[in-house]
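The values are calculated or read from the model by the stated rules, or taken from the named source; none is laboratory data. Please read these numbers as outputs of a predicted model, since none were measured by experiment. Here the Cβ is made from the backbone with ideal geometry for all residues, glycine too, and neighbour counts use every protein chain on show.
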Amino acid sequence: MKAYYPVYLDIEGKKCVVVGGGAVAARKVASLAEAGAEVTAVSPAFCPALREQARRGRATLKRKRFESRDLDGAFVVIACTDDRGVNDRVYRAAKQRAILVNVVDSAEQCDFIMPSVVSRGGLNIAISTSGISPALSRRIREDLEKRYGRGYAVFLSLMGKCREAVLREVPVAKERKKIFEALTERDFVSKITSQPPRDAKRHFEDKLKMLLAGVRSNHV
């Protein structure tokens, strides 16, 4: 079994190429665009979902047969056509250019594999079975989606704003650590993530004010 090194790639603003025009290509384009990539899809024809993404400015469509020069300047390429010959040509062209490549349904032609992902705002949980059982990855993702609801996106948004305030107002690293640990206690996180956004914001801010007041009182 091949061992994979888990990593999150920063692809914001980078050219990423998807070779294919069907439903699988549409899903790959959507995930790349969501991460901020400059996505180009290459195919003689495109499904409605891809045309819609292009209309929304999330991808550039090149209605043509694949040529190796389509990969010029690319950071990542994904081949997902139903023609193995085309996929092989994409793979060889990518390897010649030292571009990270993923050929769907061909593990031996992948520099990386795509995990099953639970995304809740800033929270991203990637699940992989090293390509052995995508079905199990999907099952685990479904379980995690139930456990980590959309309230976690609200919580992390609040934490992001709070972090700036704490770093600005609390100069001592040990005191900052105590505040962040208090804000991520299991019971408090559970309370915030289970509330409507407006209530979550109010309770979070109340807790932060109390913690900051405690720090200030220790300095008097």
Please go through the range 147-159 and give me each residue that is out of contact with any Pro (no Cβ under 6 Å at 6 or more places or on another chain) and within 19 Å of P196 (Cβ to Cβ), ordered by number. Y148, G149, R150, G151, Y152, A153, F155, L156, S157, L158, M159
Filter the range 147-168 for residues that are touching a residue at least 40 places away in the same chain (Cβ under 8 Å) and within 15 Å of E205 (Cα to Cα); which is surrounded by the fewest Cβ atoms within 10 Å (Cβ to Cβ)? A165
Which numbered condition trips up L144, out of (1) surrounded by 14 or more Cβ atoms within 10 Å (Cβ to Cβ); (2) assigned by TED's automatic domain parsing to the domain that holds V29; (3) assigned to a helix (DSSP H, G or I)? (2)
Out of the residues in the range 1-24 meeting the condition of being over 17 Å from the mean Cα position of the chain (by Cα) and assigned to a loop (DSSP other than H, G, I, E, B), tell me which one is surrounded by the most Cβ atoms within 10 Å (Cβ to Cβ). G20
Pairs please, first residue from the range 101-122 and closer than 19 Å to A35 by Cα and touching a residue at least 12 places away in the same chain (Cβ under 8 Å), second anywhere and surrounded by 15 or more Cβ atoms within 10 Å (Cβ to Cβ) and basic (K, R), Cβ atoms under 6 Å, 6+ apart in sequence or on different chains. S116/R141; V118/R141
Looking only at the range 119-141, how many residues end up being within 30 Å of K207 (Cβ to Cβ) and either in the same structural domain as A213 (by TED's automatic domain parsing) or assigned to a loop (DSSP other than H, G, I, E, B) (or both)? 2
Determine which single condition C80 fails, assuming it passes every other condition in (1) of a type outside the set (A, V, I, L, M); (2) without any contact (Cβ under 8 Å) to a residue 12 or more places away in the chain; (3) surrounded by 12 or more Cβ atoms within 10 Å (Cβ to Cβ). (2)
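Taking into account only those residues within the range 85-109 that are farther than 20 Å from L136 by Cα and at pLDDT below 95, which is surrounded by the most Cβ atoms within 10 Å (Cβ to Cβ)? Can you show your working first?
From the range 85-109, those farther than 20 Å from L136 by Cα are 85-103, 108-109; that's our starting set.
Imposing the further condition that a residue be at pLDDT below 95 reduces the set to 108-109.
Values: E108: 7, Q109: 19.
Checked the range 85-109; the qualifying residue surrounded by the most Cβ atoms within 10 Å (Cβ to Cβ) is Q109.
Looking for something more than 19 Å from V24 (Cα to Cα), of a type in the set (K, R) and either modelled with pLDDT of 95 or more or not assigned by TED's automatic domain parsing to the domain that holds L208 (or both) - is there at least one such residue anywhere in the range 163-176?
no
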Which of the residues spanning the range 169-196 are surrounded by fewer than 15 Cβ atoms within 10 Å (Cβ to Cβ), under 26 Å from the mean Cα position of the chain (by Cα) and either aliphatic (A, V, I, L, M) or farther than 24 Å from S217 by Cβ (or both)? R186, S190, S194, P196
